[in-house]
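Written out below as structure tokens is the structure these notes cover.
The values are calculated or read from the model by the stated rules, or taken from the named source; none is laboratory data. From a predicted model like this one, the values you see are computed outputs, not experimental measurements. So basically every Cβ, Gly included, is an ideal-geometry build from the backbone, and we count neighbours across all protein chains shown. These accessible areas exclude ligands, DNA and RNA; they are computed on the full protein's heavy atoms, side chains included. Shrake-Rupley method; radii C 1.70, N 1.55, O 1.52, S 1.80 Å.
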Amino acid sequence: MWGKLHIHHEAVENRRFETLFDVKRADDFTASVGDMRLDYAKTNIDERGRALLIDLLDQVDLAGKRDAMFDGTAINETEGRAVLHTALRNLDGGPVMVDGADVMPEVLGTLDRMEKFAADVRSGAFKGQGGKITDVVNIGIGGSDLGPAMGVLALAPYHDGPRCHFVSNVDPADISQVLRSCDPTTTLVIVASKTFTTIETMTNARTAKAWMGESVSDPAAQFAALSTSEDGTAAFGIDAARVFGFEDWVGGRYSMWGPIGLSMMIAIGPDAFRAFLRGARDMDRHFQAADWSENMPVMLALVGIWHNQICGYSTRAVLPYDNNLSRLPAYLQQLEMESNGKGVSMDGEDLSINSGPVVWGEPGTNGQHAFYQLIHQGTRVIPCEFLVAARGHDDDLHHQHQLLVANCLAQSEALMKGRDLDEARGKVADKFEGAELERQAKHRVFAGNRPSVTIAYPKLDPFTLGQIIALYEHRVFVEGVVLGINSYDQWGVELGKELATALQPIVEGADASGKDESTAALVGFLQQHGV
Ligand code: F6P
């Protein structure tokens, strides 16, 4: 399946892709959805490379698998589950069947309940025991934290509800800092956990309940829960009226569209949250209908496959020139690495090719003054993904926004063009000569020929954020299908959880003799110092 692509890659790997540009390339090597544009012209993918990549899609029956996902087939085969986060934003769509039953009435019913509750919290119709809710604390981890935490920050200009805080880490530093800044009599605590068993979340939830219990007579009355576990939420004492449920066909890292998005809905209001869902739905429809070469998630995925599996570039940097997207790289780390960090194919065979890449990043321009040195002159090639809006939210500071945009475009240009030795010499010829000139010039050379893609859009509003997140979800799906893996399980997180549970009594003083010597010695050291 990969042979022709490898042969093609060998033939083109040493050329400068800048030479591929003709009058058509800048438009041909883009995909658009409404006003959003993905530019992948600054890569070494040419017509033949693109055609070979697209050929992969037929070989793996991408269309059939995509339709199976949207139709509610149990494509998460290792857990026997459907994968239907798309149903959560299917506001105007028809029925979605799982095991012979339409799930949409329940999805829309839960959305209505969430909207009513969010409106009540925002208006003051739902009160804390000391008055109107001033602070919302979402306690959750992984997919029960990263989505809403990223989304609340991304949509900060639309945030007109109570303050929102996110507690995820079991490290007491996290919860104690948040609780110190809140008044327990006017705080709503949302316990977000699909399983309602995650040890970090349940530990933090109990801590928050005890904290609230010191100030109000009925702490559970200021708690809400987002979970698939009715028993778990009832046992915790949370009234069913404030429990927002969902089904196991919503994966944790794909769950911000439903109840897990409640904190975000309270922050920005139900109307803006619906706009966010509509943006995702817009991307879903595009993904379902557009030809592969015009299909934004598909082309973003194929660029990823080209860079990681064919060129062997094992990381990718996500670089939002949009400060409100500063948590997007962290969000994508879970979405992409928990989904596609698998070494075994769906049928249990070892993968013969790299699994998904290491994803990392920080907002530009901050990254420029930190790690871009390595991106430009390090020995590894790191494909970059830039995100940039035409406009910010501060019209009076538009000149600053223009500077931001110029920086974004300059980086992709610099990565592509680089600076050769002659030009580098010219930069320092007035200061040095002879061997010293050569030495100094060499340090100022940029190899260039480094690929990047740019996702550009008018403004980061709720609709656009929905488009962006759904774009990345479908990109992960396509990459997973091409690799033949199950993007929807996460067995790789289990071993550490089991060992942590076994280690807890040892850390607290039980016998460490069954442990390896390094672990036992570290326990001993930490005990000597007071753990
Ligand atoms: O440990 C990984 C994980 O299972 C993620 O997949 C999930 O998003 C996170 O833990 C939190 O799980 P839960 O929502 O059940 O608390």
Among all helices in the chain defined by DSSP H, which have a length of 27 Å or more along the axis from Cα atoms plus a Kyte-Doolittle mean of at least -0.5?
104-123, 398-417, 462-483
Within the chain, longest stretch clear of exposed GluC sites (Glu not before Pro) (DSSP loop, no more than 14 other Cβ within 10 Å)
78-213
Mean projected area (nm²) from the convex hull of Cα positions in segment 281-359 is 6.7 nm²
Heavy-atom accessible surface of segment 96-268: percent carbon and sulfur, 1.4 Å
53 percent
Provide Rg and Dmax in Å for segment 96-268, with only Cα atoms included in the calculation.
15.1, 49
Cα-based Debye curve of segment 378-444 sampled at q = 0.17, 0.28 Å⁻¹ gives log₁₀ I(q)/I(0) of -0.76, -1.13
So if I take the alpha carbon set of the chain, get Rg, then get Rh from the Kirkwood formula, what is the Rg over Rh ratio?
1.00
Relative contact order for the chain using alpha-carbon pairs under 8 Å, separation at least 6, rounded to a whole percent?
18 percent
In debye to the nearest 20, the charge dipole size for the chain, taken about the Cα centre with +1 at each Lys and Arg Cβ and -1 at each Asp and Glu Cβ, equals 1220 debye
Taking the Cβ-Cβ separation of residue 195 and residue 288 as r and a Förster radius of 35 Å, what is the calculated FRET efficiency to the nearest 0.05?
0.70
Of the listed peptides 266-272, 308-314, what is their order by residue-averaged count of other C-beta atoms within 10 Å, with the highest listed first?
266-272, 308-314
Pairwise over distinct Cα atoms, reciprocal of the mean inverse distance: report the Kirkwood radius of segment 142-219 in Å, one decimal place.
13.4 Å
When ligands, DNA and RNA are left out and all protein chains stay put, how many square angstrom of accessible area per residue does the chain have with a 1.4 Å probe?
43 Å²
When all C-alpha to C-alpha distances in segment 196-262 are sorted into bins of 10 Å, what percent of pairs does each bin hold, rounded to whole numbers?
20, 51, 26, 4
In terms of Cα to Cα distance under 19 Å, which aspartates and glutamates are near enough to residue 515, apart from those fewer than 8 places away along the same chain?
494, 498
Computed lengthening from residue 160 to residue 373, 0.36 nm per intervening residue step minus Cα-Cα distance:
72.8 nm
Quick one: work out Rg over Rh on the C-alpha atoms of segment 193-347, Rh as Kirkwood radius.
1.04
Checking the table 24/442; 417/459; 116/497 against a 30 Å threshold on Cα-Cα, which pairs fail?
24/442; 116/497
Taking the Cα centre of segment 236-375 as origin, sum charge times position over the Cβ atoms of Lys and Arg (+1) and Asp and Glu (-1), and report the length of that vector in debye to the nearest 20.
400 debye
What order do you get for 144-152, 374-382 when each peptide is scored by the mean count of other beta carbon atoms within 10 Å, highest first?
144-152, 374-382
Segment 20-126: which chymotrypsin sites (Phe, Trp or Tyr not before Pro) are DSSP loop and have at most 14 other beta-carbon atoms within 10 angstrom?
21
Over the Cα atoms of segment 433-488, each weighted equally, I'd like the Debye log10 I(q)/I(0) at q = 0.23, 0.27 Å⁻¹, rounded to two decimals.
-0.96, -1.02
Under a 1.4 Å probe, counting only protein heavy atoms, residue 86 has an accessible area in Å², nearest 10, of 10 Å²
